[in-house]
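The structure under discussion appears below in the form of structure tokens.
Every number here is computed from the coordinates shown, using simple stated rules; none is lab data. If you're wondering where the values come from, they're calculated on a predicted model, not measured in any experiment. Every residue, glycine among them, receives a Cβ derived from its backbone with ideal geometry; neighbour counts consider all protein chains shown.
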Amino acid sequence: TIANSQYRRVLLKVSGEALMGQGSFGIEPGMVEMIADDIAAVSRSGVQVCLVIGGGNIFRGVAAAAKGMDRTQGDYAGMLATVINALMMQNALERAGIDTRVMSAIQMSAIAEPYIRRRAVRHMEKGRVVIFAAGTGNPFFTTDTAAALRANEMECDVLFKGTQVDGVYSADPRRHPDAQRYDSLSYQDVLARQLNVMDAAAISLARENALPIVVFDIHSAGAFPKVLRGEGRFTKIIE
Ligand code: UDP
């Protein structure tokens, strides 16, 4: 059913919060399993898939800095949180029968390969799902920026951002029931209206390469294969 996908290679950004499921911290194994099953289905259909996993379900540098922690130190802790999530996702994908590699932007040779662009491409050409961990490897960045960066480097056709809501709204729909939902937006709209979808660095990087961003709700079984077919509700950010 996904075989007619127009995409050759895609990057899926999974926020740390998506892995919490109904919880408010940490990881809900059932949720990771569900997302992994969807990724497995897409990978089996022949689309090359790579992932960037967030860490906000465990640790965020900004939040720690607000409580007095050194920001840079907090950001490194946040990057390590993404490695924990990446290992959980790798485990779930392997259980689903998919070959994977974790590539970390911070060297951690016992558990992950170092990030090497050409090697990452090669893994995907062999049908492996590559999980990019530790963000960009630099403090003061986010995993959204890492997602835009890696998607550009991997020459992905599109960056899918799996979130808690079914697209981009004019305001947080959970607090403003009358918020307007957009089907499509330009990079400029997102920046000028300061829409809370991805930080400006991520949007700018995507714009640099005319990389389309598709924002969708990842919280139901089948959501990722569905949005890949262009079905259901989502917001597309393009030129
Ligand atoms: N982080 C960082 N540099 C990066 C990516 C992430 O310093 O390139 C840190 C930052 O502290 C961030 C945390 O890792 O708060 C977790 O990532 P993020 O907040 O992007 O995760 P998400 O919101 O997707 O769960």
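Miscellaneous remarks
- Evaluated over the chain, the count of Lys pairs having alpha-carbon atoms less than 15 Å apart is 5 (only pairs 8 or more residues apart or interchain).
- Measuring between their Cα centroids, the range 1-50 and the range 194-234 lie 13 Å from each other.
- Counted over the chain, the DSSP beta bridges are approximately 15% antiparallel.
- SER24-GLU208 pseudo-label distance in nm [points 7 Å out on the Cα-to-Cβ vector]: 3.8
- Helix screen, the chain: DSSP H segments with Cα axial length of 30 Å or more and mean Kyte-Doolittle hydropathy at least -1.0 are 71-95.
- Solvent-free Debye scattering, log10 I(q)/I(0), computed from the Cα coordinates of the range 9-238 at q = 0.13 Å⁻¹: -0.71
- Percent RCO, i.e. relative contact order, over the range 9-238, from Cα pairs under 8 Å lying at least 6 residues apart: 22
- One quarter of the convex hull surface built on the alpha carbon atoms of the range 12-82 amounts to 5.1 nm², the projected area averaged over directions.
- Extending 7 Å from Cα along the Cβ direction at GLN164 and again at ASP183 yields two label points whose distance is 2.7 nm.
- Here the extension length gained between ASN138 and ILE238 equals 33.3 nm, from 0.36 nm per residue of separation less the Cα-Cα distance.
- Using the Cβ-Cβ distance between THR72 and ILE116 with R0 set to 25 Å, the FRET efficiency works out to roughly 0.50.
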